[in-house]
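The values are calculated or read from the model by the stated rules, or taken from the named source; none is laboratory data. Just so it is clear, the structure is predicted and the values come from calculations on it, not from any experiment. No Cβ is skipped: glycine too gets one built from the backbone with ideal geometry, and neighbour counts run over all protein chains shown. Keep in mind that these areas ignore ligands, DNA and RNA; they rest on the heavy atoms of the full protein, side chains included. Shrake-Rupley method; radii C 1.70, N 1.55, O 1.52, S 1.80 Å.
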Amino acid sequence: MAKKFNTMGSEVQEGFVCKPVVRDNNKPIMYYKSHIFTCSGERCKKAHRTDEFPKRLRQMIKETGLNTGPNRIKVSDVNCFGACRFGAVANFYVNTKGSSNSIINNALWIKKIHRFTEDKWKGIFYALSNGDSIDKMLEAKDHIEMATFD
Ligand code: FES
């Protein structure tokens, strides 16, 4: 049987999706500076025209070298956010447990991400890595305005 590797490059135990055969503390699967949740619900998937979008995003992150290390960007794929009319949708979180992590890019809901170019994504990744606002890569129309009860 062919060996299988998880997104961190560790060999995966047979019968598991991502559990490493040997835990490598230099590849802590749960460590991240920024976390991007992408939607693969029916309508967002239709907008992307592929089932492979999260895989493509992870590949782009790998190309920037931000798939590992202190500024790691983690991608998790979720089902419908209930924001289908803005599809394809992603939301961004910053690991606020990191004392030097700025919350400037925290809790951002972004729409129509299927229209983003690879250059735009990579600009977003570098901004996340540097703790700069990703707004410099986005237009106002890219944001889903969130209501609060303030
Ligand atoms: S399908 Fe993506 S928000 Fe509903």
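Overview of results
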| quantity | calculated |
| --- | --- |
| Fraction of beta bridges assigned by DSSP in the chain that are antiparallel (%, nearest 5) | 65 |
| FRET efficiency for Ser102 and Glu14, using Cβ-Cβ distance with R0 set to 35 Å, rounded to 0.05 | 0.30 |
| Between helix 53-64 and the chain: long-axis angle, C-alpha atoms, 0 to 90°, nearest 10 | 80 |
| Helix-only [θ]222 nm of the chain, DSSP H runs n ≥ 4, -39500 (n - 2.57) each, per residue, nearest 500 | -6500 deg cm²/dmol |
| Rel. contact order, % - alpha carbon contacts under 8 angstrom, at least six apart, the chain | 21 |
| Potential extension, Arg49-Met146 segment - 0.36 nm per residue separation minus Cα distance | 32.3 nm |
| Farthest toward positive dipole pole in the chain [+1 Lys/Arg, -1 Asp/Glu at C-beta], among Ala90, His48, Thr68 | His48 |
| Cα long-axis angle, helix 118-130 against the chain (0 to 90 degrees, to the nearest 10) | 80 |
| Cα-based Rg of the chain normalised by 2.2 N^0.38 Å, two decimals | 1.08 |
| Accessible-area order (highest first, 1.4 angstrom probe) of the listed residues Phe16, Phe92, Phe37 | Phe16, Phe37, Phe92 |
| Probe 1.4 Å, protein heavy atoms only - accessible area per residue of the chain in square angstrom | 62 |
| Positive-end extreme of charge dipole, the chain - chosen from Pro20, Phe81, Ile124 (charges on Cβ) | Pro20 |
| Cys with no candidate disulfide partner in the chain (beta-carbon separation under 4.7 Å rule) | Cys18, Cys80, Cys84 |
